[in-house]
Amino acid sequence: MIKKRLLKYTAIYNSEPEGGFTVTVPVLPGCVTYGKDLKEAEKMAKDAIRLYLESLKAHKEPLPENSKSFISFIDLEFSQTHA
């Protein structure tokens, strides 16, 4: 019997100037993909995560846990005037 569990990973979607979205998964270094719209970007992200995890499994490496990462905002005052 194959045991399955639900894994949740934080994905960051960045809109691109030429259109579409780049998706990164911070807890999986190098896990980056792209989709022409949000629906495709999500599908591509799921595929990229699945392949990343399968590679870790094949190399007998532990699966990273998302609970050790979070997203926050940093407020910063920055002068835009030029000298």
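The table that follows gives values for the structure above.
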read-out: Angle in degrees between helix 38-58 and the longest Cα principal axis of the chain, rounded to the nearest 10; value: 50 degrees
read-out: Semi-axis lengths (Å, descending) of the ellipsoid that matches the C-alpha gyration tensor of the stretch 43-83; value: 38, 14, 11
read-out: Protection proxy ranking of 75-82, 18-25 - average other beta-carbon atoms within 10 Å, highest first; value: 18-25, 75-82
read-out: Cα extents of the chain along the three principal axes, largest first (Å); value: 66, 29, 21
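Where a number appears in this text, it was derived from the coordinates with a stated rule and is not lab data. Because the structure is predicted, anything quoted here is derived from the model rather than measured. Cβ atoms come from the backbone with ideal geometry, glycine included; neighbour counts cover every protein chain shown.
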